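Working notes for the structure below.
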Amino acid sequence: MKKIVLAVMTTVSGLVMLFSYHTSTQSVAATTPEETDTGNTQSDPGATTTAPSATASAGSTASAGAGPTASASSSASSSGGDGTYTGDAVETRWGTVQVEITVKNGTITSADAVQYPNENPKDQQINAYAVPVLNAEVVKAQTASIDAVSGATVTSDGYLQSLQSAIDAAHLG
């Protein structure tokens, strides 16, 4: 009898612990912008940032829209010459993301996120790591076909959309 009671109690305890466990990730595909709360849950709250801080050149506010909201512009000729090309400003669920690339001799020499979510400490922590990684990957790959940064999927998706519009404006595709 004692063994049965012990087995039942162990099973009940295990189930209680299982159902009380809260995951730290949230599926982006399962939620819509209208369903989001004011907290930013892009990454694991226990994650630490070891990368150097990125500097924000422009602030942003969170928006429920999705997709490009501005046309790509450039300071170079439309024939795809050397110059600086700014991609579309892409609205994500956490804020606007916009990328600027510099092209010399048909090669991307630098990529910079000129706008990205940085309104709260969580955004700042995530993007202080993610943005420099994305910028470096673009210069290395010379294309918008780069991997998203784990824990910053929303920012990465907006970054890649804006980057592709800048590449298109530079006629590098």
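Below, the figures for the structure above:
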item	result
Meets criteria (at pLDDT 95 or above and not in a helix (DSSP H, G or I)) for Asp112	yes
Subset of the stretch 147-173 [surrounded by 20 or more Cβ atoms within 10 Å (Cβ to Cβ) and assigned to a loop (DSSP other than H, G, I, E, B)]	Val149, Ala152, Ala170
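The values are calculated or read from the model by the stated rules, or taken from the named source; none is laboratory data. Everything quoted here is computed from the prediction, not taken from an experiment. For neighbour counting, all protein chains shown are included, and Cβ atoms are generated from backbone atoms with ideal geometry for every residue, glycine included.
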